[in-house]
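Some notes on the structure that comes next.
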Amino acid sequence: MHFCDGMEQPKKIIITIDGWSSCGKSTLAKQLAKELNYVYIDSGAMYRAITLYFLRHHVDWTISTAVNEALKHIKLEFVANHKNGQTEMWLNGENVEYVIRDLVIAEKVSEVAAVKEVRDFAVSRQQEMGKAKGIVMDGRDIGTVVFPHAELKIFMTADEAVRVQRRFKELYEKNPNITLAEVKQNLTHRDYIDSHRAISPLRQAADAIVLDNSHLTMKQQLGIAEKWVKERMK
Ligand code: DC
């Protein structure tokens, strides 16, 4: 796919991908970033890493002074892994990319992500990363709060049954003891908290384009998004 037809350099844009849990946001975001040679940022990984820190250090996230104090000791970095070409989440110098995907983190992350101090901390870092443009970021509030002026906003969705099956497959590979019911319960619970919290709830931005991938292959969804990207780069 060529994004530049003439000699002119294509303009760098910001692409935001928001949507429900497990609807394939990160898959599409990674594909687009690779095609465009853009930076990919998984904003959910930041909330997951903060949750990991809080759990390890017994931080009570219902107490704002405790949260503020803990945040002073958190350093988040996205580090490129040259072996697999992926960008991975590091917390205070430790690669936590694998451990933050655990169900133990998934069970608490929505509560932590609903805390104002946590969101302010994460959002300011996300905005900093987007200053140079040329970025694809996925999450829940990227098109509405983090980059309200992004050139391309995608709101992804898929049938709940499809999403549960996808997440189950992903988690089962790591932990064969996991059940479909557990995964469904966690997904429904997170979607509820993410879309009902007081600060920056999951919403479709007014100028976002909906991409329902329930019945699309990865190749098909990439093809659709690429067309949108091309239009916005003009
Ligand atoms: O995308 P994910 O499942 O890794 O996200 C983990 C949690 O973080 C999710 O339950 C909601 C929260 N989140 C958020 O509130 N805002 C974002 N921009 C990204 C994630």
Cα gyration tensor shape of the chain, rounded if a/c is under 1.5, else prolate or oblate by comparing a/b with b/c = prolate
key: Largest to smallest principal axis extent of the C-alpha atoms in region 1-116, angstrom   = 56, 29, 25
task = Please work out the C-alpha center-to-center distance from region 179-208 to region 18-51 and express it in whole Å.
result = 16
Most positive-pole-ward Cα, V115, A150, L180, against dipole of the chain from beta carbon charges = A150
remark   = The rounded separation in angstrom of the Cα centers of region 53-75 and region 162-176 is 30
message = Classify region 51-154 from the C-alpha gyration tensor, please: rounded if a/c falls under 1.5, else prolate or oblate depending on whether a/b exceeds b/c.
response = oblate
inquiry  = Helix 43-56 against the longest principal axis of the chain: what's the angle in degrees, Cα atoms only, rounded to the nearest 10?
reply    = 10
Peptide ranges 166-177, 201-212 listed from the most packed, as the mean C-beta count within 10 angstrom indicates = 201-212, 166-177
Nearest-ten-degree value, helix 218-233 long axis tilted from longest Cα axis of the chain = 70
key: Förster radius 22 Å - calculated FRET efficiency between E77 and K133 (Cβ-Cβ, nearest 0.05)   = 0.65
request  = Starting from the Cα of M233, step 7 Å along the direction of its Cβ; do the same at K116; then give the gap between the two resulting points in nm.
outcome  = 4.2
ask   = Relative to the Cα centre, what is the charge dipole magnitude of region 79-234, using +1 at the beta carbon of each Lys and Arg, -1 at the beta carbon of each Asp and Glu, and rounding to the nearest 20 debye?
value = 400
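Values quoted throughout were computed directly from the atomic coordinates according to the rules given, and no laboratory measurement underlies them. Remember, predicted model here, so these are calculated numbers, not experimental data. Note that we place each Cβ from the backbone using ideal geometry, even for glycine, and neighbour counts take in every protein chain shown.
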